[in-house]
1. Given the criterion part of a helix (DSSP H, G or I) and within 20 Å of the chain's Cα centre (by Cα), identify the matching residue among Ala123, Ala98.
2. For segment 1-40, enumerate the residues that are of a type in the set (Gly, Ala, Ser), closer than 14 Å to Ala63 by Cα and touching a helix residue (DSSP H, G or I) at 6+ places or on another chain (Cβ under 8 Å).
3. Would you please name the residue that is nearest to Arg71 (Cα to Cα), looking only at residues in segment 1-49 that are under 23 Å from the mean Cα position of the chain (by Cα) and outside any helix (DSSP H, G or I)?
4. Restricting to segment 164-184, name every residue that is closer than 16 Å to Ser146 by Cβ and acidic (Asp, Glu).
5. For segment 129-147, what are the residues that are open to solvent by less than 60 Å² (accessible area, probe 1.4 Å) and free of Cβ contacts under 8 Å to residues at least 12 places away in the same chain?
6. For Glu87, state whether it is closer than 29 Å to Asp25 by Cβ, open to solvent by less than 30 Å² (accessible area, probe 1.4 Å) and either acidic (Asp, Glu) or not in a helix (DSSP H, G or I) (or both).
7. I need the full set of residues from segment 27-74 which are in contact with a Ser or Thr (Cβ under 6 Å, 6 or more places away or on another chain) and crowded, with 20+ Cβ neighbours inside 10 Å, in order please.
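The values are calculated or read from the model by the stated rules, or taken from the named source; none is laboratory data. Worth saying up front: this structure is predicted, and the values here are computed from it rather than measured. Cβ placement follows ideal geometry from the backbone for every residue including glycine, while neighbour counts extend to all protein chains displayed. All accessible areas refer to the heavy atoms of the entire protein, side chains included, with ligands and DNA or RNA removed. Shrake-Rupley method; radii C 1.70, N 1.55, O 1.52, S 1.80 Å.
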Amino acid sequence: MSLPKTLAEDVARNLVMVARLIDEDPEEAYAYSRIALRLASRVAAVREAAGFAAYATQKYAEALAEFRAARRMTGSVDLWPVMADCERGLGRPERAMAMAGDPEVQKLDKAGQVEMRLVAAGARRDMGQIDAAIVTLQSSELASNSVQPWTPRLRYAYADALLEAGREDEAREWFGKALEADKDGSTDASDRLAELDGVEFVDVLGDDDTDAADEVAPRAEDRSDARDDEDDEDDVDLDGPADGSAKA
């Protein structure tokens, strides 16, 4: 659907702000998405952006509705995994699992299929099926030494599931593998490894800051005492008005 030039520019500006803010300030991104939605609700890209903004603020019912609308407009299956994850967010892991077995999954590209696998494993965990979640994540993509955009998250999810199952040594190994692949810091694998190894991070500046504050405080008191002494020496009763106004 085409929009008049001025309207299209307004919509585009709001969509740019959604993309810019969605990670650092999801609530603000959501506000911009609502403006874009009011301006152009029949544009698929607007519905999709509104869906992701709602998803980022955990408004899962709203996000699902927007994703469904975008899918109807485009016929694309790309949003299938995130739609299934919305079902998880709404407390319906069984529906997410049903979507994971739908023929639509076969139409996804490799990245989409890996994402669907992650969602399905999460749904298994939601239902308390931790061993099934581990099996769900075991795949050629997990075993591959090739690093792809999804590799850190896939290895991390596998490590996290292993840890929940009490398989700590294996979890440590896979957190390490996730860290090796995670060049952009998209996971907190390093923190999880440190936690498993019993490493505690100490704020080395804390004591210094406290000592500095202790040193400053006496000096402030000294200055106050000095001012009091000066006031006592210079104190002269002028019999002035209590309100401090000048005498006539």
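1. Ala123
2. Narrowing segment 1-40 to residues of a type in the set (Gly, Ala, Ser): 2, 8, 12, 19, 29, 31, 33, 36, 40.
Next, from what is left, pick out any that are closer than 14 Å to Ala63 by Cα: 29, 31, 33.
Hits for segment 1-40 are Ala29, Ser33.
3. Checked segment 1-49; the qualifying residue nearest to Arg71 (Cα to Cα) is Ile22.
4. Matches in segment 164-184: Glu180, Asp182.
5. Scanning segment 129-147 gives Ala132, Ser144, Ser146.
6. Yes, satisfied.
7. Tyr30, Ala49, Ala50, Ala53
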